[in-house]
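Read the structure below first, then the notes.
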Amino acid sequence: MISVLIRTQDERVFNCIHSIKNTFPTSKIVISTVPDKTLTTQISALKIKFCVVPRKNGSTTTNKGLELIKTIKVLITDSDTVFDKNCIKLLDNALDKYDVVKSHIVFRNDGTLKSILVANLRTYFNSKSSKMYTPGLGFKMSIKHKIGGYYFDDKVTWSEDSEFSNRVEKNLLKTYVEKRAKLFHPSVSLSHDLASAFLTGAKKLDTKTILQIITNRIKTYREILEVFGTKTLLYGLVWYLFFDFGKLSKYFGKIGLGIQDYFWKL
């Protein structure tokens with residue numbers, strides 16, 4: 001049996017719940033939510049297990065939810081996602097063979113150029129490798145002792161899935177990307193996507209040399225150009241400006257923290 005952990009901070013969680021019940025009703029649902037009396041009252045009425053967590057820490061949000069999981073397998077998603085009809089079943093089956101699995105995220109757009117560019121870049125980042133990122137991440141609960149004794153690092157408040165994926169890779173766990181398992185993600189606003197770029201940079205722990213960073217960046221730009229064309233490449237350049245600005249904000253003291261707080265709200 002598999003449980004689905006939904007991380008939420010708004011009422012879109014009910015669409016996600018509906019998609020789970022419609023596509024794989026035997027799965028257990030657990031919710032990790034920020035403080036919101038109206039939201040928790042509605043969740044309680046559905047008799048779904050949930051926990052309330054502080055804002056601004058993705059690792060804590062996920063870890064607290066995982067404490068409520070009683071099944072052997074878990075699938076982690078966000079409230080703004082909707083499951084395709086076979087998604088959970090395919091991931092559940094894949095976990096019979098692998099330690100960690102990931103779905104194929106379909107990033108939707110609203111038809112505007114800005115929305116298309118955001119969807120293109122998110123598709124690139126999510127699909128360019130076999131990295132085990134959320135949402136749509138599934139694993140056996142037993143992997144905890146194989147990756148350092150914890151699931152997500154509470155000190156990593158943003159892009160916590162990247163740090164998790166690195167430990168999974170380092171410890172040679174068996175991973176698999178199930179491309180047939182589709183998880184739909186709604187269109188993302190330009191401001192939210194650039195805020196995400198900033199916070200990803202601000203919270204990223206650098207382990208690469210300057211030469212490695214430059215080499216990887218050039219490779220990334222080339223791949224974006226080849227797959228999505230010039231317009232998406234130009235947006236990618238803007239995205240990385242915000243990413244690099246986020247990295248610099250770590251050296252601005254209280255001013256930098258204030259800027260980070262601003263981007264958390266977008």
- Each residue of the stretch 50-61 in order: what ³J(HN,Hα) in whole Hz does its phi give by Karplus 6.51 cos²θ - 1.76 cosθ + 1.60, θ = phi - 60°, with x for Gly and Pro? 8, 10, 10, 10, x, 6, 6, 8, x, 5, 5, 3
- Here the net charge surrounding Ile2, from other residues whose Cβ is less than 12 Å away from its Cβ (Lys, Arg +1; Asp, Glu -1), is +3
- Rank Tyr124, Gly136, Ala197 by how far each Cα sits towards the positive end of the charge dipole of the chain (+1 on Lys, Arg Cβ; -1 on Asp, Glu Cβ) and give me just the farthest. Gly136
- Note on the structure: CD proxy, 222 nm, the chain: helix-only mean residue ellipticity via -39,500 (n - 2.57) per DSSP H run with n ≥ 4, per residue, nearest 500, stands at -15000 deg cm²/dmol
- Query: GNM on the chain, C-alpha springs below 10 Å: top fluctuator among Leu91, Leu183, Leu241?
  - Reply: Leu241
- Message: Relative contact order for the stretch 189-266: what percent, with Cα pairs under 8 Å and sequence separation of 6 or more?
- Response: 52 percent
- Item | Spherically averaged projected area of the chain from its Cα convex hull (nm²) | 14.2 nm²
- Task: Apply the Karplus parameterisation 6.51 cos²θ - 1.76 cosθ + 1.60, with θ equal to phi minus 60°, to every residue of the stretch 88-95 and state each ³J(HN,Hα) to the nearest whole Hz, in sequence, with x for glycine and proline.
- Result: 5, 4, 5, 6, 4, 5, 4, 6
- Answer in debye to the nearest 20: the dipole magnitude of the stretch 1-58 about its Cα centre, from +1 Lys/Arg and -1 Asp/Glu charges placed on Cβ, is 120 debye
- Query: What order do you get for Tyr176, Tyr151 when you list them from fewest to most C-beta neighbours inside 10 Å?
  - Reply: Tyr176, Tyr151
- Query: What residues have an amide H closer than 5 Å to that of Ser187, excluding those fewer than 5 places away on the same chain, when H is modeled at 1.01 Å from N in the peptide plane?
  - Reply: Arg108
- Query: Rounded to the nearest 20 Debye, what is the dipole magnitude of the stretch 189-266 about its Cα centre when Lys and Arg each give +1 and Asp and Glu each give -1 at the C-beta?
  - Reply: 180 debye
- Message: At a threshold of 8 angstrom on Cα-Cα distance, excluding pairs fewer than six apart, so keeping six or more, what relative contact order does the chain reach in percent?
- Response: 20 percent
- Distance between modelled label sites at Leu234 and Arg108, nm, 7 Å Cα→Cβ extension: 2.8 nm
- Query: Which entries in the list Lys70/Lys174; Lys49/Lys146; Lys219/Lys247; Lys49/Lys250; Lys203/Lys231; Lys47/Lys140 go over 29 Å, if you measure between the two C-alpha atoms of each?
  - Reply: Lys49/Lys250
- Task: With a/c under 1.5 counting as rounded, go ahead and sort the stretch 104-145 into rounded, prolate or oblate using the C-alpha gyration tensor (a ≥ b ≥ c being the square roots of the eigenvalues; past the cut-off, prolate if a/b is larger than b/c, else oblate).
- Result: prolate
- Residues Asp244 and Glu223, FRET efficiency given R0 of 22 Å [Cβ-Cβ distance, rounded to 0.05]: 0.70
- Query: Which whole-Hz couplings ³J(HN,Hα) result when phi for each residue of the stretch 193-210 is put into the Karplus expression 6.51 cos²θ - 1.76 cosθ + 1.60, θ = phi - 60°, listed in order with x for Gly and Pro?
  - Reply: 5, 6, 5, 5, 4, 4, 5, 4, x, 5, 9, 6, 8, 6, 10, 9, 7, 4
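Please report, in debye to the nearest 20, how large the charge dipole of the chain is about its Cα centre when each Lys and Arg carries +1 at its beta carbon and each Asp and Glu carries -1 there. Intermediate values should be presented prior to the final figure.
Working: 42 positive and 24 negative charges, 83 e Å.
Once rounded to the nearest 20, the dipole reads 400 debye.
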- How high is the FRET efficiency between Gln212 and Met1 when r is their beta carbon distance and R₀ equals 35 Å, given to the nearest 0.05? 0.25
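Where a number appears in this text, it was derived from the coordinates with a stated rule and is not lab data. Keep in mind that this is a model prediction, so the values were computed, not measured. Ideal geometry is used to build each Cβ from the backbone, glycine not excepted, and the neighbour counts take in all protein chains shown.
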